[in-house]
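The values are calculated or read from the model by the stated rules, or taken from the named source; none is laboratory data. Computed from a predicted model, the values in this text were never measured in an experiment. Neighbour counts are summed over all protein chains in view; Cβ atoms, including those assigned to glycine, are modelled from backbone coordinates with ideal geometry. Heavy atoms of the whole protein, side chains included, go into the accessibility calculation; ligands, DNA and RNA do not. Shrake-Rupley method; radii C 1.70, N 1.55, O 1.52, S 1.80 Å.
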Amino acid sequence: MHVILANLPLYLTGMATTLEICLYAGALSLLIGTILAGFRVSPLPPLRGVGTSWVTVFRNCPLTVVLFFMAFGFPELGINFPYFWFGTVGLALYTSAFVCEAIRSGINSVPPGQAEAARSIGLGFGQSLTSVVLPQAVRTVVPPLGSVIIAMIKNSAIVGAFGVGGDLYAAGITLTSARGEAALPVLTGVVIGYLLITVPAGLLLGTLERKVAVLR
Amino acid sequence: MIRASAVDKHFGSLHVLKDITLDVPRGQVVVVLGPSGSGKSTLCRVVNRLEPVDSGDIAIDGVPLPAEGRELAELRADVGMVFQQFNLFAHKTIVDNVVLGPVKVRRIDKETARQDAMRLLERVGIADQAGKYPAQLSGGQQQRAAIARALAMRPKVMLFDEPTSALDPEMINEVLDVMADLAAEGMTMLVISHEMGFARRAAHRVLFMDDGEIAEDSTPEDFFRAPRSERATDFLSKILTH
Ligand SMILES: Nc1ncnc2c1ncn2[C@@H]1O[C@H](COP(=O)(O)OP(=O)(O)OP(=O)(O)O)[C@@H](O)[C@H]1O
Ligand SMILES: [Mg+2]
């Protein structure tokens, strides 16, 4: 307990960095995942191909490997960004595949007659998706999307382990390895830190779920 | 107004439309009937290309149906479709259902579209339901809202796929009345329906479909009095007895 209190600033900046990674990666993965889901249900075979390949690659590839690529592959190609961005984007790419699948299953839960009616009044594919199908898919999408986001928050630790530095996970490493503190109390602090992020996130998602449940 | 020539359509190995040729002039009301599985719905759906055809040509008002994309969407906007299961947008109020197409497709401003929508809802007799969601309406009211939604696009042709067969008997007439008014105003209509009263009252022409083919093409009087084929006689005796 003493270790945690003594190093509170380190824990707090760690939590802030973790939150930052998660906010950027979360927003980016929701954006990419939604577009990909649109690709996967599109009438155009090339777009479907892109969506399917993307999901196949990122859903079946370990996150560590994706991050290895971002951290060591891209610099070899002469692409250089601060690792914070490589790590965050890597996490977003990986998560987008799961977001896509959650949204796609939501799209498939909307009765096909809805999209047919939309097309029959002359809405294009994109319009019928955004005005008719997606708003009705939201209700079924929120619970699985919540699990994806919580998993992403936990996966952000791997981004930290890769050396973004300064996130919650890295704070634990710094304390145990560099400063030689006992592992058990330090890690207890790390666990509390993650729970302080994931539990409220879960509660927020629960509220959202109840909100959209009453929407027709 | 609707012209189909030599249209063929398969679902896998099932030959659903067999060399269909059909010409519906402007203002004509055509009732299509026939046994289940004979291809009536498919005929209706290929006319606005909700189903693609294998071969043959379909033209609306002289314009051949484009393959996909923007031009197809534009053409569909000119063809109103009414479904057996209504298919009103479940997350929108009745008036918003009617407004969506004019605003998104025709780019009419929201206020004008809303006024038009209210006039149409008035016309089909459900203006007082405008603010409700589809699930709060009776089947007959929902189907009338669906007709208003289609009419809001000012279509050149209206397609009806068994518009009253999902309705309780006491609601059938309120929908048929709206359709008969539309017919009287000169709308070109292709109506799949087994409602003989409507066919006699409003149709100029009756098509009997059997096994993917148009087996008979005649006037309502002739068809109901003396169908030419045995299949049609048999079919009529069945729908008359229930
Ligand atoms: N999407 C589809 N995939 C495969 N087969 C289909 C599809 N849609 C229809 N069919 C089949 O095509 C045949 C014709 O169907 P269609 O719906 O046009 O018949 P219908 O005359 O409208 O019948 P009903 O009176 O039952 O509505 C049927 O045998 C049906 O099972
Ligand atoms: Mg049918």
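Per-structure values
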{"item": "One residue from A:F74, A:F69 being free of Cβ contacts under 8 Å to residues at least 60 places away in the same chain, over 29 Å from B:A67 (Cα atoms) and in contact with a Phe, Trp or Tyr (Cβ under 8 Å, 6 or more places away or on another chain)", "result": "A:F74"}
{"item": "Enumeration of residues in the stretch B:199-231 that are open to solvent by 20 Å² or more (accessible area, probe 1.4 Å) and assigned to a strand (DSSP E or B)", "result": "B:R205, B:D210, B:E213, B:I214, B:A215, B:D217"}
{"item": "Those helices (runs of 4 or more DSSP H) lying entirely in the stretch A:107-216 with at least 1 residues touching a His at 6+ places or on another chain (Cβ under 8 Å)", "result": "A:134-159, A:183-214"}
{"item": "The stretch B:31-62, subset within 14 Å of chain A (Cβ to nearest Cβ), open to solvent by 10 Å² or more (accessible area, probe 1.4 Å) and away from ligand 2 (no atom under 16 Å from the Cβ), residue farthest from B:F198 (Cα to Cα)", "result": "B:P52"}
{"item": "Test result for B:R114, away from ligand 2 (no atom under 16 Å from the Cβ), away from chain A (no Cβ under 12 Å) and among the basic types (K, R)", "result": "yes"}
{"item": "So B:M179, is it in contact with a Gly (Cβ under 7 Å, 6 or more places away or on another chain), assigned to a helix (DSSP H, G or I), more than 16 Å from ligand 1 (Cβ to nearest atom) and more than 14 Å from chain A (Cβ to nearest Cβ)", "result": "no"}
{"item": "Long-range neighbours under 7 Å by Cβ, at least six apart or interchain, first residue within 14 Å of B:D96 (Cβ to Cβ) and of a type in the set (F, W, Y) within the stretch B:118-137, second modelled with pLDDT under 95 and open to solvent by 10 Å² or more (accessible area, probe 1.4 Å)", "result": "B:Y133/A:R216"}
{"item": "The stretch B:10-30 - residue that is open to solvent by less than 10 Å² (accessible area, probe 1.4 Å) and within 16 Å of ligand 2 (Cβ to nearest atom) and, of those, farthest from the other protein chains (Cβ to nearest Cβ)", "result": "B:I20"}
{"item": "In the stretch B:63-91, residue nearest to the other protein chains (Cβ to nearest Cβ) [restricted to those that are open to solvent by 50 Å² or more (accessible area, probe 1.4 Å) and under 22 Å from B:Q129 (Cα atoms)]", "result": "B:Q85"}
